[in-house]
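Comments concern the structure below.
The values are calculated or read from the model by the stated rules, or taken from the named source; none is laboratory data. What you see is a predicted model, and the numbers here were worked out from it, not measured in a lab. In this analysis, Cβ positions are derived from the backbone assuming ideal geometry, glycine residues included, and neighbour counts consider all displayed protein chains.
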Amino acid sequence: EAYFKNVLFKSHFITENPSEADLFFLPFSIANLRHDRRVGVAGLGDFIRLYTTSITQDYPYWNQTGGADHFYVACHSVGRMAMEKVEQVKANAIQVVCSSSYFLPNYFAHKDV
């Protein structure tokens, strides 16, 4: 997750102008959050729910598509489970997974990669 974020932020795919963006990156790290004593595995779902609520209130881009043009990286199965509390993220946002199995719960082949 951290490597993906670092490479993305150094690439030519980043724009400061939201009207030029094709997709919007949700930069939370499941790996870091699950080891954070303030969040932990049990609090991941609540963190994602609050994070998404903040985005919908502060930025118009999520609301234009219901999150369908937003993506996040989840390299651990616990990341997929964290989305259970946020149906709109689970159903609409693109999940970039680093998994040896795509038959896990909450992987939707029509939108996730």
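Quick look at the numbers
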item: Failed condition for Asp22, given (1) over 12 Å from the mean Cα position of the chain (by Cα); (2) assigned to a loop (DSSP other than H, G, I, E, B); (3) under 17 Å from Tyr3 (Cα atoms); result: (3)
item: Leading residue by the ranking (farthest from Cys75 (Cα to Cα)) among those in segment 1-22 that are surrounded by 13 or more Cβ atoms within 10 Å (Cβ to Cβ) and among the aliphatic types (A, V, I, L, M); result: Ala21
item: Selection from segment 74-95 of residues that are under 23 Å from Asn17 (Cβ atoms) and of a type in the set (Val, Ile, Thr); result: Ile94
item: Within segment 75-109, considering residues that are of a type in the set (A, V, I, L, M, F, W, C) and at pLDDT 85 or above, the one farthest from Phe28 (Cα to Cα); result: Ala91
item: Any chance Gly67 is part of a helix (DSSP H, G or I) and out of contact with any strand residue (DSSP E or B) (no Cβ under 7 Å at 6 or more places or on another chain); result: no
